[in-house]
Amino acid sequence: MKFRSLLLLSTAAGLALSAAPALAQDAQPTELGEVIVTGSQVRQAPAYAGGQVATGGRVGLFGSMDVMDTPFSSTAYTEQLVRNQQAISVGDVLQNDPTVRVSKGFGNFQELYVVRGFPVYSDDMTWNGLYGVLPRQFVAAELVERVEVFRGASAFLNGAAPGGSGVGGAFNLTPKRAGDTPLNRLTLGLEGGEALYAAGDFSRRFGENNEWGGRLNVAARDGEGAIDGQNTELQVIGLGLDHRGDRARFSADFGWQNHRITAPRPAVTPGTAIPDAPSADSNFAQPWTYTDEEQLFGAVRGEFDLTDSITAWAAIGGRSGKEENVLANPNVSPTGALTASRFDNVREDTVWSGDIGVRADLTTGPVEHRLVASASHVQLKSRNAWAGNFGVGFAGFAVGTLTDPVAITPPPLVSTSGDFNDPEITERSRTASVALADMMSFLDGRLLATVGVRYQEIKTASYSYADGSFGSGYASDAVTPVFALVYKPSDQISLYANYAEALQPGKIAPEVINGELVDNGGEVLEPFTSEQIEAGVKYDAGSFGGTLSVFRTTRPSEYFDPNTNVYSAGSEQENRGVELTVYGEPVEGLRLIGGATWLEAEITRAENDLNVGNSAIGVPEFLLNANVEWDVPAVTGLTLEARAVHTGSQAASADNALELDSWTRFDAGVRYDFEAGDRPLTVRARVENIADEDQWVATGGYPGSNYLTLGAPRTFRVSISTDF
């Protein structure tokens, strides 16, 4: 399905939906009053002043909670912010967060998010509370209503992330919902001079009281953007249905995403020195490389009030995904000379995820209780095959330099494992858990105390790529507790503290790392348990607010020893930090999002004793974000926006001999709302990396690796939207 056909589909589907008989314009929509969302697994918290962030978000099995009642640090970014910044992916939205930095996955083009100095993989985000459902590699921004950032360990609240990340935080994406007002919106855009964009967003509510809703989103991108020679094709379809009743709430969400990048600019692995960054718009990819993925996914969730004080919920979701890659990620010498090997792979995933639970509100004397019990289950079956041109003693093909790359003929494949046309099952995993919690309320709700425990079972098995025979596996269990306090001395101030743990399924040792065959490839490592302690204060002035927190997190980690070619667990990292986040509209027409993070990441245990006490790879010492929107009083409908993103220096080798310099990026945008022919129109223009700085923006992201990611060049985006 190409760009034109998807655009036609979006227009036709929107017109059909807008013409539905049940949605005649004489059926007046009813506006909901203030909705109490605390504890709901379906309803969402309303937007905060300024509309860019929400007043709360999902807190695992506790459902939706107000930010002032939540004993953790969190921020929920809204669709309004996503749309106004012309975000392409979830990673673009997270560029606003002062505790998160966006990197790439290891040897692929998966978006990877580093929060509190620890990675969260894109397939370890939850979709309306369910793990494993979202597409791997990349999630299009058109699919989401909210991007909820949860900082800190969350194994008790959500269960263990099946992909093995999530120590420093978690992300939940909520699907779009139909509002009370009918919506028909078309958007056309242009990025980087040649990449075209088209999207349709259509919604209606049905029924006597508008209790049924439907929302359809379709989008397509195609063309070369700001990076030379890198062409992106993206098609997205998302459909959300919901029912809101007095006692029953229901939602069903389905998505399809097809994403292909031709000649994607790769990450590079440095040698004994960090090379100078080349021009930000240059591309040192081989023209025959590509990444291609197609994902079909969905989730159904419902909750029912059994009584006025007891509510039960259930959810089930799944994903079927296919990926194909031809890669040549290079190594770079201190002079900028590149050598690369070819690596091809295919992957097919089938994931099922479920969640059930019940919550009950009761009172014992002066204490109010919210009792919650839940059970969750995630299972994955993955088929894989790979091939490459490397082997023992292979040094790589010379492919020029960073500033003068050379295209070569695709080298022949000499190492193969598996059948690309019919890949074998290489991994099965199952994560199941049961959780119990009691959130107690004292002093008329000013003091909240939470205690809980989750019992989890993790089973993982790996199989031979070549013939599907059993290779390695384990079955293990763990108990992860949580203890948390919230005290509100006033309506504007909330003090909180927590102790929580993160549980990570053991990684499967890759068969290939940096073009080197791993001697114990396929071996399954034991699960890891991490510990976190955190305290903070939150402030809510009604129109603006913020959070100041301090934390300490420890995490066991994996390590690849290039001298023995063995992938093992034997390292530990301790991260300590201070975070400040601010948001809201302190003055009418002036909106702020920003803050800062101070981090100290230390290796406390390592395979090489000489590395103990060193800084961890890829953890910046300081992060700063400042995003400002201003409605120009003299021109109705005109809004100016500016954003600054600063990232401090970070270690780029285990011995700390290499260091990535600090970097700063400035973005700006303008938005103008007006009417033409009785139709509302919005024109948005935005430029990112105004100064066109050439800079390495991240190193690593995958444990023990130090590959470098080049920042995006100066990038222009312009779009026009109309509602009809």
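The values are calculated or read from the model by the stated rules, or taken from the named source; none is laboratory data. The shown structure was predicted, so the numbers you read here are calculated from the model rather than taken from an experiment. Note: ideal-geometry Cβ built from the backbone for every residue, glycine included; neighbour counts use all protein chains shown. Ligands, DNA and RNA are stripped out before the accessible areas are found, and what is left, the full protein with its side chains, is counted by its heavy atoms. Shrake-Rupley method; radii C 1.70, N 1.55, O 1.52, S 1.80 Å.
For segment 550-559, the condition holds for no residue, the condition being that it is assigned to a strand (DSSP E or B), surrounded by 19 or more Cβ atoms within 10 Å (Cβ to Cβ), among the acidic types (Asp, Glu) and at pLDDT 90 or above.
Tell me which strands (runs of 3 or more DSSP E) are completely within segment 597-678 and hold 1 or more residues being free of Cβ contacts under 8 Å to residues at least 24 places away in the same chain, aliphatic (A, V, I, L, M) and touching a strand residue (DSSP E or B) at 6+ places or on another chain (Cβ under 9 Å), or say none if there are none. Result: 638-647, 663-676. I need every pair where a residue in segment 385-413 that is modelled with pLDDT under 95 and polar (S, T, N, Q) has its Cβ under 6 Å from the Cβ of a residue that is open to solvent by 70 Å² or more (accessible area, probe 1.4 Å) and not in a strand (DSSP E or B), sequence separation at least 6 or different chains. Hits for this filter: Asn389/Leu413; Asn389/Val414. Restricting attention to segment 102-114, does a residue exist that is open to solvent by less than 10 Å² (accessible area, probe 1.4 Å), under 10 Å from the mean Cα position of the chain (by Cα) and of a type in the set (Phe, Trp, Tyr)? Yes: segment 102-114 contains one or more residues that are open to solvent by less than 10 Å² (accessible area, probe 1.4 Å), under 10 Å from the mean Cα position of the chain (by Cα) and of a type in the set (Phe, Trp, Tyr). For the subset of segment 270-312 comprising residues that are within 21 Å of Glu233 (Cβ to Cβ) and aliphatic (A, V, I, L, M), which member is surrounded by the fewest Cβ atoms within 10 Å (Cβ to Cβ)? Among them, the one singled out is Leu296. Cβ-Cβ distances below 7 Å connect the following pairs, each with a first residue in segment 291-315 that is within 30 Å of Asn329 (Cβ to Cβ), a second residue that is among the β-branched types (Val, Ile, Thr) and surrounded by 15 or more Cβ atoms within 10 Å (Cβ to Cβ), and a separation of six or more residues or different chains: Thr291/Ile261; Phe297/Val133.
Residues of segment 123-137 that are part of a loop (DSSP other than H, G, I, E, B) and charged (D, E, K, R): Arg136 alone.
For segment 522-540, residues that are at pLDDT 95 or above and open to solvent by 20 Å² or more (accessible area, probe 1.4 Å) total 5. Number of residues in segment 212-269 that are part of a strand (DSSP E or B), open to solvent by 10 Å² or more (accessible area, probe 1.4 Å) and aliphatic (A, V, I, L, M) equals 6.
A count restricted to segment 388-446 and to residues that are among the hydrophobic types (A, V, I, L, M, F, W, C), in a loop (DSSP other than H, G, I, E, B) and under 28 Å from Asn158 (Cα atoms) stands at 0. Mind checking which residues of segment 451-482 are surrounded by fewer than 15 Cβ atoms within 10 Å (Cβ to Cβ), farther than 30 Å from Asp422 by Cα and hydrophobic (A, V, I, L, M, F, W, C)? Of everything in segment 451-482, those that are surrounded by fewer than 15 Cβ atoms within 10 Å (Cβ to Cβ), farther than 30 Å from Asp422 by Cα and hydrophobic (A, V, I, L, M, F, W, C) turn out to be Val451, Val453, Val479.
Starting from residues that are part of a loop (DSSP other than H, G, I, E, B) and open to solvent by less than 40 Å² (accessible area, probe 1.4 Å), keep the ones in segment 489-515 and report whichever is modelled with the lowest pLDDT. So the residue we want is Gly515.
So is Leu371 buried (at least 19 other Cβ atoms within 10 Å of the Cβ), part of a strand (DSSP E or B) and modelled with pLDDT of 95 or more or not? Spelling it out, it is not the case that Leu371 is buried (at least 19 other Cβ atoms within 10 Å of the Cβ), part of a strand (DSSP E or B) and modelled with pLDDT of 95 or more. Of everything in segment 150-177, what is open to solvent by 10 Å² or more (accessible area, probe 1.4 Å) and over 19 Å from Val378 (Cα atoms)? Give them in sequence order. Of everything in segment 150-177, those that are open to solvent by 10 Å² or more (accessible area, probe 1.4 Å) and over 19 Å from Val378 (Cα atoms) turn out to be Phe150, Lys176, Arg177.
Scanning segment 45-55 for residues that are part of a strand (DSSP E or B) and buried (at least 23 other Cβ atoms within 10 Å of the Cβ) gives Val53, Ala54.
Among the residues of segment 434-467, which ones are closer than 14 Å to Ala478 by Cα, among the β-branched types (Val, Ile, Thr) and modelled with pLDDT of 95 or more? Answer for segment 434-467, where residues must be closer than 14 Å to Ala478 by Cα, among the β-branched types (Val, Ile, Thr) and modelled with pLDDT of 95 or more: Val434, Val453. Among the residues in segment 707-718, are any farther than 25 Å from Glu111 by Cβ, surrounded by 15 or more Cβ atoms within 10 Å (Cβ to Cβ) and among the hydrophobic types (A, V, I, L, M, F, W, C)? No, every residue in segment 707-718 fails to be farther than 25 Å from Glu111 by Cβ, surrounded by 15 or more Cβ atoms within 10 Å (Cβ to Cβ) and among the hydrophobic types (A, V, I, L, M, F, W, C).
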